[in-house]
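Everything on this sheet refers to the single structure shown next.
The values are calculated or read from the model by the stated rules, or taken from the named source; none is laboratory data. Since the structure is predicted, the reported quantities are computational estimates derived from the model, not experimental observations. Virtual Cβ from ideal backbone geometry, glycine too; neighbours counted across all protein chains shown.
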Amino acid sequence: MNGREAQPGHVYLAGAGPGDPDLLTLRAVQLLQTADVILPDDLVTDEILEFASPTANIIPVGKRCGQPRITQAGIHALMLEHASAGSSVLRLKSGDPLVFGRAGEEIAFLRENNLPFEIVPGITTAFAVAASLRTPLTDRASSSKLILATAHHAAGKVELTPSWHGTVPAGATLVIYMPGRDFETLAADLIASGVPPETPCAAVSKASTAEEHIHTATLATLTSDPIGPAPVILLIGPALQTTSR
């Protein structure tokens, strides 16, 4: 491993990418193969965890749909317990750890407890979806802005029916992570905020995996029925006009 194996007492906040193991970074694979303890999110696929050392202690710490199996404080406690005991700890997050991955809370905790840590970026789902669609997220002629948003917030602030309350600049591609299931309301809110009804959009379920499902529409025709199961990501904007699907 050229001295790049996981180090005792260190915590690694690493991105596992959108789901396809081929999209892992080399650094993430190195850490999977050498970490003593792995704390993966629910969206980290079994195919990715197959890279783990057979001696690794894998402790799932996923939180889904506002119903956590473990609290954020519980995750902090696991990192502290195992790193303080001299184990290398890989906190493995889907996508990129710095994009809607609660990394800020975990970084603050690690700093407060003087635990050495490293952040390892991963491919965020929006980029994998753009590749699947064979379309850019930005375009010199039609889209010079990229907005990443989510409909979910901290504990106690989850919107059970996510809606859009802001404005979207003209010529922007809007990417909504965890958009919920009421796409009709979301589309109506966006149209009311000034986004043209004919704006193309794509809802992608289980991006980059064998179960990937792509549904394309316009805001005016976007409905929940044809959209696949969670996790889903929604892309909206004029740049999607080049989509070939």
Kindly provide the set of residues from segment 10-27 that are more than 20 Å from Ala207 (Cα to Cα) and not β-branched (Val, Ile, Thr), ordered by number.
His10, Tyr12, Leu13, Leu26, Arg27
Residue check, Leu133 against (1) at pLDDT below 95; (2) exposed (fewer than 15 other Cβ atoms within 10 Å of the Cβ), all met but one. Which one?
(2)
Looking only at segment 1-42, which residues are touching a helix residue (DSSP H, G or I) at 6+ places or on another chain (Cβ under 8 Å) and either in a strand (DSSP E or B) or of a type in the set (Val, Ile, Thr) (or both)?
Val11, Tyr12, Leu13, Ala14, Gly15, Gly17, Val37, Ile38, Leu39, Pro40
Looking at (1) within 20 Å of His10 (Cβ to Cβ); (2) at pLDDT below 95, which one does Ala35 not meet, given that it meets all the others?
(2)
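Any residue that is closer than 27 Å to Ala207 by Cβ and in a loop (DSSP other than H, G, I, E, B) - is there at least one of those in segment 106-118?
Checked segment 106-118: no residue is closer than 27 Å to Ala207 by Cβ and in a loop (DSSP other than H, G, I, E, B).
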